[in-house]
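Single-structure report; data block below.
The values are calculated or read from the model by the stated rules, or taken from the named source; none is laboratory data. What you see is a predicted model, and the numbers here were worked out from it, not measured in a lab. As a convention, Cβ positions derive from the backbone with ideal geometry for all residues, glycine included, and neighbour counts pool all protein chains shown. Note: areas computed on protein heavy atoms with side chains; ligands, DNA, RNA excluded. Shrake-Rupley method; radii C 1.70, N 1.55, O 1.52, S 1.80 Å.
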Amino acid sequence: MTSSPHIHDDGAAVAARAERRWATLSIVIIVVIAGVAAFAGIHQATMPQVRVETADPTTLHIGGEFVETNLGSAAEPDGTVTVRAIGQRYSFTPQCILVPTDTPITLRATSSDVVHGLLIQGTNVNTMLVPGYVSVLTARFEKPGEHLMPCQEFCSIGHEGMWARVKVIDKAAFMNMTSNRRRLDCVE
Amino acid sequence: MSAESVFSLRNRWFITAVGITAGLFLLTAVVGLIVLPYAQRDVTFTSIWDAICSAAGVPQVRSSAAPVQPDFKVSTVVVTASMLGQPSQESIGRGATLAQQCAICHGPVGVSRADSPNLAGQYASAIYKQLKDFTSGARVNAIMTPFAVSLSEQDMVDLSAYYAYLPRLPAYHPEQGKPAPRIVVNGAPMRNIAACGSCHGALDNKAGSPWLEGQSAAYIRTQLQAFASGARRNDISQQMRNIARQMTPEEIDEVAQYYASQPPQSRRASSE
Ligand SMILES: [Cu+2]
C-alpha cells in the first residue's frame, strides 16, 4: 500500500473505515460471548468442579472413602449432608439415595470401571463419573419426592439397566434417622 | 519497514499489541484463577494459593471425615479385565495336579456330580477371586473354606488356569415351548437389573463375573438368596447384591431352572 498512487486515496479510506467497523464488531462479539460465559458461570453454577481429586478405581472397595459401608448420606457437623456413591457397570451403589429437604448437599461420586453419567431428573445435577477422579457437585432439594437417577453415558451392553433413585424426605425425619445410623440410604 | 524495526520498543504498534496481549493474559489469569473460584458458593479456600492450585487442576486429597469401616470382611481382590491373561502350560499342569484334591466335590474334570459348583471352563478371574475371598473370609462356606485356606497365591493362580482351560458346559436351552426368562434376556431396566448375560458371559463378561450355564439350580438359587439377604457380601461394591435384592422369588426360581439345564450327554456323564 505504501506505493499506491493518489488516485486510490478514496478507496483506501473506504477500506480503512470498513476494517475499523469489522474490527469493532468482532471485538464486541468476543466481549459478549465472554460475558455470557462469565454470567452463566457465576449465576447459574455451570462452573467446572473447583477441586480435582483422584481415587484409584480398582481399590475403591477395599478401603477409604468409597468402601461400601461408607457410601450413602452422612450428616456433617456444619449442618450439611455429604452423599457418597459409586457408579459401576451396571448399577450405582447405593441403589437408592436418601436426602433431606432444604439442606445443602455435597455429592461425591466416582466410577470403578468405565465412564458413567450421573443425572438426577428434575434437577440440574448432571455430571460424568470418570474412573480415577472424584466428581463433586452441590445440590439442594426444596420438595420431598422421588427422582430417577439414570446413567446417562453409554457404559456398555447393560447400560440401559443402570438406574438409581433419589428419595427426598422431610429434613426433621432425616435428621432423626441419623441419630442411630451414620450412613443413610433407602435401599430395601 | 524492515523486520528489525517491527520488534522494537520504538514501534508504537508493537508496544500496544504486546501490552494488550499481556494485559488480557493477566486479566484472564486473575479472573480464572482467583475471582471465579472465590465467586463459587459452597467452597472455602485456605489461602489464595489454594484457590489458584485448585483452579489450575492440581489433584488434592480432601481430608474427609473418618469413613465408616465395614464390620465384616470385604473382598480385597483387585479385579481388572487383564488379570491372569495368558497362563503358561506349566501353570496349567501344576493346577491339574493340585486339582486332584478338589475332584471329590467339583468333579474329576471340573463338572460336579453333586451340587457343588462346576469349575470347568470357568473364567480364571472368577475362580481366582472366589478362592481369595474364601481365604480372606469375605465369602464363607463351611465345606469349601477349609480347602481354600491352605492354598498359596501361586496355587490359586495355577488352579484358576487349569479349570479355565478345561472345556466348559455349553449354554444349553432346548425349546420346551417356553421362551428364555425375560430377566435373563433383557434384565429389568426400571428395577436396575441389567441382562444377566451382560456380565455373566452370554453377551459380555465383566471381569470377575462367573459363567453360570450348567450350574445346578440349587446352587444358583442359594447364591441369589444369599446375595439378596446380604448373607453373601463378597461381590465388589454390591454389584450382584444390587441385582439379587430387586429380584422376586419367582424370578430367582426361573433363572435357576433356566441356567441349570445341561446337555443330556453331560448329565449322563456326571450321574454315572
Ligand atoms: Cu453406566
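With respect to the conditions (1) open to solvent by 20 Å² or more (accessible area, probe 1.4 Å); (2) modelled with pLDDT of 90 or more, B:Ser125 falls short on a single one, namely (1). Quick one: A:Val115 ticks every box in (1) at the interface with chain B (Cβ under 10 Å from one of its Cβ atoms); (2) touching a strand residue (DSSP E or B) at 6+ places or on another chain (Cβ under 7 Å) except a single one, so which number is it? Condition not satisfied by A:Val115: (1).
Considering the conditions (1) within 14 Å of another protein chain (Cβ to nearest Cβ); (2) in contact with a Gly (Cβ under 7 Å, 6 or more places away or on another chain), B:Tyr163 is excluded by exactly one of them, (1). For A:Ala85, are the conditions met, namely being in contact with a Pro (Cβ under 8 Å, 6 or more places away or on another chain), assigned to a strand (DSSP E or B) and in contact (Cβ under 8 Å) with a residue 12 or more places away in the chain? The answer is yes for A:Ala85.
With the condition being of a type in the set (S, T, N, Q), in contact (Cβ under 8 Å) with a residue 24 or more places away in the chain and crowded, with 22+ Cβ neighbours inside 10 Å, I'd like the strands (runs of 3 or more DSSP E) fully within region A:91-188 carrying at least 1 qualifying residues. Walk me through it before giving the result.
Working: elements: A:91-93, A:96-100, A:105-111, A:116-119, A:126-129, A:135-139, A:145-150, A:163-169.
Answer list for region A:91-188: A:91-93, A:105-111.
Being away from the ligand (no atom under 16 Å from the Cβ), within 14 Å of chain B (Cβ to nearest Cβ), part of a helix (DSSP H, G or I) and within 17 Å of the chain's Cα centre (by Cα) narrows it down to one residue among A:Gly41, A:Gly35; which is it? Spell out how you get there, then give the answer.
Numbers: A:Gly35 fails: within 17 Å of the chain's Cα centre (by Cα).
Exactly one residue qualifies, and that residue is A:Gly41.
Restricting to region A:137-165, name every residue that is away from the ligand (no atom under 16 Å from the Cβ) and under 13 Å from A:Leu118 (Cβ atoms). A:Leu137, A:Ala139, A:His147 - these are the residues of region A:137-165 that are away from the ligand (no atom under 16 Å from the Cβ) and under 13 Å from A:Leu118 (Cβ atoms).
Considering (1) assigned to a helix (DSSP H, G or I); (2) surrounded by 13 or more Cβ atoms within 10 Å (Cβ to Cβ), the lone condition that B:Leu84 does not fulfil carries the number (1).
The lone criterion from (1) surrounded by fewer than 10 Cβ atoms within 10 Å (Cβ to Cβ); (2) in contact with a Gly (Cβ under 8 Å, 6 or more places away or on another chain) left unmet by A:Asp56 is number (1).
Restricting attention to region A:74-115, the residues that are within 16 Å of the ligand (Cβ to nearest atom), farther than 17 Å from A:Glu53 by Cβ and not acidic (Asp, Glu) total 10.
Conditions (1) modelled with pLDDT under 85; (2) surrounded by 10 or more Cβ atoms within 10 Å (Cβ to Cβ); (3) part of a helix (DSSP H, G or I), marked per residue:
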{"position": "B:Leu9", "(1), (2), (3)": "yes, no, no"}
{"position": "B:Val18", "(1), (2), (3)": "no, yes, yes"}
{"position": "B:Leu36", "(1), (2), (3)": "yes, yes, yes"}
{"position": "B:Arg41", "(1), (2), (3)": "yes, no, no"}
{"position": "B:Ile52", "(1), (2), (3)": "no, yes, yes"}
{"position": "B:Ala55", "(1), (2), (3)": "yes, yes, yes"}
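Listed conditions (1) more than 10 Å from chain B (Cβ to nearest Cβ); (2) open to solvent by less than 30 Å² (accessible area, probe 1.4 Å); (3) of a type in the set (Asp, Glu) are all met by A:Asp78, apart from (2).
If the requirement is being within 16 Å of the ligand (Cβ to nearest atom), over 23 Å from B:Arg191 (Cα atoms) and under 19 Å from the mean Cα position of the chain (by Cα), which of these qualifies: A:Val130, A:Val134?
On the way: A:Val134 fails: within 16 Å of the ligand (Cβ to nearest atom).
Matching residue, one of A:Val130, A:Val134: A:Val130.
Among the residues of region B:133-158, those that are closer than 19 Å to B:Gly95 by Cβ and open to solvent by 60 Å² or more (accessible area, probe 1.4 Å) comprise B:Phe147, B:Val149, B:Ser150, B:Glu153, B:Gln154.
Among the candidates B:Gly197, B:Gly187, B:Gly201, which residue alone is under 18 Å from B:Ser82 (Cα atoms), at pLDDT below 90, open to solvent by less than 60 Å² (accessible area, probe 1.4 Å) and within 14 Å of chain A (Cβ to nearest Cβ)? Before the answer, list the steps.
Working: B:Gly197 fails: under 18 Å from B:Ser82 (Cα atoms); B:Gly187 fails: under 18 Å from B:Ser82 (Cα atoms).
Of the residues listed, the single one that is under 18 Å from B:Ser82 (Cα atoms), at pLDDT below 90, open to solvent by less than 60 Å² (accessible area, probe 1.4 Å) and within 14 Å of chain A (Cβ to nearest Cβ) is B:Gly201.
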